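Everything on this sheet refers to the single structure shown next.
The values are calculated or read from the model by the stated rules, or taken from the named source; none is laboratory data. Keep in mind that this is a model prediction, so the values were computed, not measured. Cβ coordinates were reconstructed from backbone atoms using ideal geometry, including for glycine residues, and neighbour counts include every protein chain displayed. For the accessible areas, the whole protein counts, side chains as well, though only heavy atoms, and no ligand, DNA or RNA atoms are used. Shrake-Rupley method; radii C 1.70, N 1.55, O 1.52, S 1.80 Å.
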Amino acid sequence: MAVAVYPGSFDPVTLGHQDIIERSSKIMDRVIVGVLKNNSKSPLFSVEERVNMLKSVTGHLSNIEILAFDGLLVDFVRQCHADVIVRGLRAITDFEYELQMSQTNRVISPGIDTIFLTTNLKYSYLSSSIVKEIAMYHGDISAFVDPDIAEKVLEKAKAVKKNARPVNK
Ligand code: PNS
């Protein structure tokens, strides 16, 4: 049985992520989406919120499981008894970082390979950071995320702005 881990921050899950999840679910017997808990990027959403959002958009896929993880990705992959890591590749700008990560993971854990799915062209420009930035300015994010996710991102962006301290000049 071929088991893959698709890891990421998913802050929030975008249509680009959903496309990779759906396509890998057709290739693999089982796909575990690993949501990084201890993220140095200071996520907008808590890990529980990110896991729940992923569950809500993947409910129709029977071979997908969503789990949070902490620490090294290769340790999580081993705990899941998975064979490979799946990552999406958008543009050439992703390549260097992804290559470094996959090579490093293979050095520290030689049995674990990474396979890359090229992102669907219509989502090749898309990132969670761009979605958050547009939401912070109350922009329309409906082309980038599922409608339920869009609602949550806009709500969260509003709450963050409300709680932000005014800048002293
Ligand atoms: O969605 P992202 O933020 O691009 O995902 C990055 C992620 C979670 C795949 C990466 O940061 C990761 O694997 N973190 C876990 C810590 C780890 O194993 N670091 C060594 C990787 S070379």
What part of the accessible area of segment 1-106, given as a whole %, is carbon or sulfur when the probe is 1.4 angstrom? 51
Keeping all protein chains in place, calculate the accessible area per residue for the chain (probe 1.4 angstrom), answer in Å². 58
Percent of alpha-carbon pairs separated by more than 26 Å within the chain: 28
Highest-first arrangement of 19-26, 95-102, 6-13, where packing means the average Cβ count within 10 Å: 6-13, 19-26, 95-102
Restricted to Cα positions, what overall size does segment 92-136 have along the principal axes? Three whole-Å values, descending. 41, 22, 15
Grab the DSSP H runs of the chain that are 4 residues or longer, score each as -39,500 (n - 2.57), total them, divide by all residues and round the 222 nm result to the nearest 500 deg cm²/dmol. -14000 deg cm²/dmol
Between R106 and D75, how many nm apart are label points set 7 Å from Cα along the C-beta direction? 2.4
Treating only Lys and Arg (+1) and Asp and Glu (-1) as charged, each at its beta carbon, one finds that segment 13-169 has a dipole about its Cα centre, in Debye to the nearest 20, of 600
Taking 0.36 nm per residue of sequence separation and subtracting the Cα-Cα distance, how much length would be gained by fully extending the chain between I92 and I27, in nm to one decimal? 21.0 nm
Contour excess over end-to-end distance, with Cα ends at H138 and M1 and 0.36 nm allotted per residue: 44.8 nm
Dimensionless Rg ratio for segment 1-94, taking C-alpha atoms and the 2.2 N^0.38 Å reference: 1.01
